[in-house]
Structure formats: C-alpha cells, structure tokens
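The values are calculated or read from the model by the stated rules, or taken from the named source; none is laboratory data. This structure is a prediction, so every number in the text was calculated from the model and none was measured. Glycine also receives a Cβ, built like all others from the backbone with ideal geometry; neighbour counts cover every protein chain displayed.
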Amino acid sequence: MASLISSLSSTISRLTLLRKPSLHFPVKTLRKFEVDRKRRGPISPFLHVSTNYDFAHFSSCPKAKSMNALGQDEELVVLGIETSCDDTAAAVVRSNGEILSQVVSSQADLLVRYGGVAPKMAEEAHSLVIDQVVQEALDKAKVTEEDLSAVAVTIGPGLSLCLRVGVRKARKVAGTYALPIVGVHHMEAHALVARLVERELQFPFIALLISGGHNLLILARDVGHYIQLGTTIDDAIGEAYDKTAKWLGLDMRKSGGPAVEELAREGDENFVKFKVPMKQHKDCNFSYAGLKTQVRLAIESKNIDASIPIASASSEDRRARADIAASFQRVAVLHLEEKCERAVEWAMKMEPSIKHLVVSGGVASNQYVRSRLNKIVEKHALQLVCPPPSLCTDNGVMIAWTGIEHFQMGRYDPPPPACEPEDAMLDLRPRWPLGEEYAEGKSEARSLKTARVHPSLTSLIQASTQKTS
Ligand code: KG4
Ligand code: ZN
C-alpha cells in the first residue's frame, strides 16, 4: 500500500523546514492552562496566542499529570488526526482508554486505479475529506471542540504532502479553540495503541511493527524511549503483500494484504520453494525486495495473467495463484519469525523483565502472522499483544492515545496562533526514526531508504529532558 508511484525523493524535496528542531515537545503544567482556557473560551482570531503561552512560562515537569483544581487526575479528551499515507482518519479518545469515536476514510479507489499511493492524488483525497472526517469524529463522540483537552496529529514519518493536510487541520482546530497540540510519531502510535487495548501492558516490552512502509523491531523502554533492534533495508512486508496481490490479479479494494491472506488459505504453502531472506545476516534486520522479485518470477513462469481478475480465472489458474500466495506468505512470515526470535534474545539480555511482544501495524491484522508469532512467544514464555485489526491498520485512535500518553508526561506544544497563514512553515518529519539503533544490530547492508533526515524521537526527548533537568 505504501508503494509510492512517485519517488520518495520528490516528496522530500518538498519537505517544509522545521520550526524548532531541538525542543520538540515543550513542557509545562497543565492546570493553569486548562483553567485559563475554560475561562476564556475560544479565542478571537485576532488574539496572538503565543504571547500568552510563551515557552518561558512553561514549568519543567517531565512527569506532569493533568490535575483538576483539587489536585486529582483529570480526564483528558483528545482528538487524534492521521493523514500520513492513504487513510484519512480521526478519533476522539479519553485518557481512561474509552474510544468515543473512530472514523476512517480510505482511498481504496485510488489504490485500485494507481496500484499504489500517488502522493499528489493522496493529498487531494485527504484535503477533500479531512473536514468531514474530523467533524464526524466529533459528532459521533458527542463532543464539540470546546470539550477537548488537546489535539494530537501525526507529524511523521510519511508523505509530507499528506502529513501537511492533517497537521494544517489539527493546527486550525487547536488554534481556534486554544488547545495544546501533540505531534505524534506514526510508528510509536502503532506500538502504543497496544497499551490502550491491554491495560496491563507495562514497559519494557518488545514490539514488531509491520506495515506498508515499515518493518521495525524495537525495545520499548518508556513512552518516547525506544531502542531500534532492526528495520528493513529495502521494502517492508506490507509492500511485498501489496505487490504480490497486484501481480496475482487480486481485488485490491481492501488493500493487497487481506486479499493475499484469503487466497493463501486455498493454496499449498510448500508449492514454490522461495528463499528466506537474509539467512546469513545474524541481525534483526529485514529485506523483502528479493522475495518480491522471486514472487514476480514465479508468477511469470506460471504464465499468470494479472489482467484476468482472480474471480474470472479457471480453476487451474486459481489453484496456481493460491499456491504462490500461500508459498509467499509462508516465507514472508518465516522471515519475521526468525528475526523476532533473535530480537527476543537481544531484548531479554537488556531487559530480563520483559513479558510481552506487541505486534502491530496493518500486517498484524493477518491471522496467519498472529498464529505463527504466537508460537514464538509461547516458546519464550511471553505474551502476545495484538490490537484488533481496526486498530492495527492506520487509524485516529492510535494517534489520540499516543497524544494522551505524551500529554500526561507534559510533552506538548502550546496552541498555534488562531489565525495561522496558509503558507506557515510546518514541522513535518517524512523520514523520522523512532529510536536509537542497537549497537550490536547495526547492519552493513544499508540502503538509501534508511538514511536519516531527522533526529530520532528518542534522541529529541532525551535532549529536551537534559535541557529541562
Ligand atoms: O499500518 P498500515 O495501515 O499503513 C501503513 O502505515 O503502511 O498498513 C498497511 C499495510 C498494507 O500494505 C496492507 O496490505 C497491509 O498493511 N495489510 C495486511 C493485512 N491487512 C493490511 N497484510 C497482510 N494481511 C492482512 N490481513
Ligand atoms: Zn501505519
């Protein structure tokens, strides 16, 4: 799904500049802010907000919780907005974990038409529906903007043209209603939503994050503190599922992954002997580009014509496609299993108290993936935490929830100006690593795709914590 028709470099050249590169989440106590805001109500578009909430006024309170006037924990209501790829999503979530609403508008028709995500088309599609999606999320939650405590929005990684639509909308809402704003890391959100689902899930834990654009193995030590055990050196597993679906002539309307999963149930997984990637690399990194090529060659050798939809294929042809789908899935997931096993060993050495493996991101909706990874966690006496499919694929709930987690630690930005100019420079982070690389896990097999253009979330948080302590 995250396969890009236009190259990512064209997206990056349009990257807007960073507003405040080092201190990414200013810290302040919430109480004064909440009281002031409630007293004042929505601010007039002519009021310059930032003079009231200058960084200098924020106190340094890294673990600040939101408190009401009696000093009790106050419940937060946060709007989350997600537009990093091809889903326009919004949700309203309470800090007690209650999901008040969840709205997702997907660009399935565009995916079918272009066979991948075309940034310009995706941006237009987001722009067309963003107001409606956010309004629907508020209406379904039976709240208005004035009931919100903050707005959370994905600022990276993703396509900058798409990120911009969500960030603009979030800043408009936050600016008009004088709400603090939390910039969210999309992959952190995939990991942390597991803590909304499984309230017993404590740090540290291991997370395997598998989506259209990312394949990450991380050790999560705390909110914002991650060690990257492994990543992909080329394509992510979701991209391999999507291309396999496309080349097999499957129905892409629900994205390629579910279509391959469904067809694979009919096939023989040992029919084609695909090679498991990166066997010789004793690390936790992934590679799916080679497997994609193997699949394409197998499809060509069987003379499968993708222009004939699977629904119209002969039974023999259908059987061949199912065998390839099943064989691909077995090896794609075996690659995950092997790297996960090693990641568990590495992580347990660093943090022997780990009890959970979280598997999240779009591909984690796959039942075969879940059942295979469950075997690994059982072997290591761990527990598997997999959010339900609607929270594995891109959604606004995970953004709102991650916003809540950071907000409760005092990490957020003050309200933007009520009347921000259309061409204001935005803090977008299309290539934004989540954590610092585990030294033992550094791969020599690096490709340009993993080049950094922004300091990792964890390094930014560490730097801002040092500054404020
Ligand atoms: O996390 P996500 O919604 O968006 C990105 O951040 O990329 O993941 C989308 C990816 C797509 O590649 C899609 O084909 C894949 O997740 N996916 C699946 C399944 N459902 C979604 N892959 C395999 N099996 C599934 N059931
Ligand atoms: Zn995602």
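Among the residues that make up segment 424-442, is at least one of them crowded, with 23+ Cβ neighbours inside 10 Å and more than 21 Å from Ser360 (Cα to Cα)? Checked segment 424-442: at least one residue is crowded, with 23+ Cβ neighbours inside 10 Å and more than 21 Å from Ser360 (Cα to Cα). Evaluate the following for Ala194: is it surrounded by 24 or more Cβ atoms within 10 Å (Cβ to Cβ), within 13 Å of ligand 1 (Cβ to nearest atom), in the same structural domain as Asp413 (by TED's automatic domain parsing) and at pLDDT 95 or above? It is false that Ala194 is surrounded by 24 or more Cβ atoms within 10 Å (Cβ to Cβ), within 13 Å of ligand 1 (Cβ to nearest atom), in the same structural domain as Asp413 (by TED's automatic domain parsing) and at pLDDT 95 or above. For segment 79-97, residues that are in contact with a Leu (Cβ under 7 Å, 6 or more places away or on another chain) and either away from ligand 2 (no atom under 16 Å from the Cβ) or not aliphatic (A, V, I, L, M) (or both) total 10.
Which members of segment 251-269 meet the condition of being in a loop (DSSP other than H, G, I, E, B) and either modelled with pLDDT of 95 or more or more than 15 Å from ligand 1 (Cβ to nearest atom) (or both)? Break it down stepwise before answering.
Initial filter on segment 251-269 (in a loop (DSSP other than H, G, I, E, B)): 251-255, 265-269.
Of everything in segment 251-269, those that are in a loop (DSSP other than H, G, I, E, B) and either modelled with pLDDT of 95 or more or more than 15 Å from ligand 1 (Cβ to nearest atom) (or both) turn out to be Arg265, Glu266, Gly267, Asp268, Glu269.
Pairs under 7 Å by beta carbon, first residue farther than 16 Å from Ala343 by Cα in segment 201-214, partner more than 16 Å from ligand 1 (Cβ to nearest atom) and not in a strand (DSSP E or B), six or more apart or different chains? Listed pairs, sorted by first residue: Leu201/Arg195.
Kindly indicate the residue of segment 347-367 that is part of a helix (DSSP H, G or I) and surrounded by fewer than 21 Cβ atoms within 10 Å (Cβ to Cβ) and also nearest to ligand 1 (Cβ to nearest atom) among those meeting that condition. Spell out the reasoning first.
Our first condition is that a residue be part of a helix (DSSP H, G or I); within segment 347-367, this holds for 347-350, 362-365, 367.
With surrounded by fewer than 21 Cβ atoms within 10 Å (Cβ to Cβ) added as a condition, the list becomes 348-350, 367.
Details: Met348: 27, Lys349: 29, Met350: 27, Gln367: 7 Å.
Top of the filtered list is Gln367.
When His281 is tested against the conditions (1) in contact (Cβ under 8 Å) with a residue 60 or more places away in the chain; (2) of a type outside the set (Ser, Thr, Tyr); (3) more than 14 Å from Phe328 (Cα to Cα); (4) part of a helix (DSSP H, G or I), the lone failure is (4).
For the condition of a type outside the set (D, E, K, R) and more than 18 Å from the chain's Cα centre (by Cα), what is the one hit in Val129, Val165?
Numbers: Val165 fails: more than 18 Å from the chain's Cα centre (by Cα).
After ruling out the rest, the residue left standing is Val129.
Among the residues examined, Gln329 does not qualify as surrounded by fewer than 17 Cβ atoms within 10 Å (Cβ to Cβ), of a type in the set (S, T, N, Q) and within 16 Å of ligand 1 (Cβ to nearest atom).
If I ask for residues that are touching a Ser or Thr at 6+ places or on another chain (Cβ under 7 Å), among the polar types (S, T, N, Q) and within 15 Å of ligand 1 (Cβ to nearest atom), which ones from segment 386-408 would you list? Result: Thr393, single match. Among the residues making up segment 215-227, those that are touching a residue at least 24 places away in the same chain (Cβ under 8 Å) and surrounded by fewer than 22 Cβ atoms within 10 Å (Cβ to Cβ) are Arg221, Val223, His225. The residues of segment 153-178 that are among the hydrophobic types (A, V, I, L, M, F, W, C) and touching an Asp or Glu at 6+ places or on another chain (Cβ under 9 Å), listed by number, are Val153, Ile155, Leu159, Leu161, Cys162, Val165, Val167, Val173, Ala174, Ala178.
Taking segment 248-285 as the range and being away from ligand 2 (no atom under 16 Å from the Cβ) and under 22 Å from Ile233 (Cβ atoms) as the test, the residues that pass are Phe274, Lys275, Val276, Pro277, Met278, Lys279, Gln280, His281, Lys282, Asp283, Cys284, Asn285. If you check Ile304, Ile376, Ile308 for being away from ligand 2 (no atom under 16 Å from the Cβ), over 18 Å from Leu263 (Cβ atoms) and of a type outside the set (Lys, Arg), only one passes: Ile376.
Every residue, every condition in (1) assigned to a helix (DSSP H, G or I); (2) buried (at least 24 other Cβ atoms within 10 Å of the Cβ), yes or no:
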position: Ala189; (1), (2): yes, yes
position: Arg199; (1), (2): no, no
position: Ile206; (1), (2): no, yes
position: Phe271; (1), (2): no, no
